[in-house]
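*Asks:* Here it is: the structure, laid out below.
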């Protein structure tokens, strides 16, 4: 069965070029409501597992195409609606919130730096005693403090170009999100890449990405009114 | 589609070879892209309520995989060869 798959929302203007095709080479279509444009395609659902990687890249390409021209609010890949009417109702209901966030974020992109523990040395190279539980916990605590310290260093280093900084601790490291003015991505990379990195930590810098981390909560996780009615619910994989 | 068919298993070795220490370059790796398209952006609340036996299983399954993706991202940059062997198992 086919379902509408939403890619992203953006401030709809005539000069923004929209890609012709998206996931599974399906035509990319536009729903416009009060200045908000939302791109979507009718796709076969559920996705074929073996094609998920390709689907993800095709999805990304559609979002990136628009993001290269303007701020976007990306949907997650699995945002599939029951039918076009459900998507249209969603767009109409959330148009104001989306446009508000797009206006706030229109000049910015999201840059990221992930700090994570450097891989342990291969077996046989570890120092004696380092494999005990106590040593492990101590090492982990040190790494966590180092990550926090580095996150603060990043905050300081990008203060002159970072409009906003958010830090998330994850199981595998610390992820630092920075809202940077579009066009100053290389300044961010330069500022972060020269920061001295604590021992036992590695870093990964990426971006620019759509400013998804900085969306308002209502946009990031919108409530759907009447979600159990046929016209509003999100499609299931049956 | 369920937990038994995670995205990671569909990645080919060549994809992992594109994941390298970037040193500030603008290259974006495949795994970063997968992480972002699945993990960042608008997520619809209604899914959990409505599709308990369908989409939710898929979605939760993917989120479980995403933890592995993040781990892979971190590890691959330091030792791509070793991690590739593990992921191919």
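Readers should treat all values here as calculations from the given coordinates under stated rules, not as data from a laboratory. Here the structure is a predicted model, which means the values were calculated and not measured. As a convention, Cβ positions derive from the backbone with ideal geometry for all residues, glycine included, and neighbour counts pool all protein chains shown.
*Asks:* Give me the one-decimal nm value for the distance between modelled label points at residue A:2 and residue A:139, 7 Å along each residue's Cα-to-Cβ direction.
*Replies:* 5.5 nm
*Asks:* Assuming 0.36 nm per residue, please report the length gained on full extension of the stretch residue A:85 to residue A:100 beyond their Cα-Cα distance.
*Replies:* Contour length minus Cα-Cα distance gives 3.1 nm.
*Asks:* When the Cα centres of the stretch A:156-185 and the stretch A:1-60 are compared, how far apart do they sit, in Å?
*Replies:* 28 Å
*Asks:* Report the FRET efficiency, 1/(1 + (r/R0)^6), for residue A:155 and residue A:32, where r is their Cβ-Cβ distance and R0 is 45 Å, rounded to 0.05.
*Replies:* Once the sixth-power term is evaluated, E becomes 0.70.
*Asks:* Something else now. On a 0 to 90 degree scale, rounded to 10, what angle separates helix A:52-67 from the longest Cα axis of chain A?
*Replies:* For helix A:52-67, the angle is close to 80 degrees.
*Asks:* May I pose another question? So if R0 is 35 Å, what FRET efficiency would residue A:13 and residue A:193 give, r being the distance between their Cβ atoms, rounded to the nearest 0.05?
*Replies:* FRET efficiency, residue A:13 to residue A:193: 0.50.
*Asks:* On full extension of the chain, what length is gained from residue A:44 through residue A:68, given 0.36 nm per residue of separation minus the C-alpha to C-alpha distance?
*Replies:* Additional length available on full extension: 5.9 nm.
*Asks:* Label points 7 Å out from Cα along the Cβ direction at residue A:51 and residue A:169: separation in nm?
*Replies:* In this crude label model, residue A:51 to residue A:169 measures out at 4.3 nm.
*Asks:* With a bin width of 10 angstrom, please list the P(r) values of the stretch A:1-121 as percents of all Cα-Cα pairs, from the 0 bin to the one holding the largest distance.
*Replies:* Reading the bins upward from 0: 13, 42, 29, 11, 4, 1.
*Asks:* Next question, about the same structure. Please give the average number of partner chain Cβ atoms lying within 10 Å of the Cβ of each residue in A:192-205, rounded to a whole number.
*Replies:* 2
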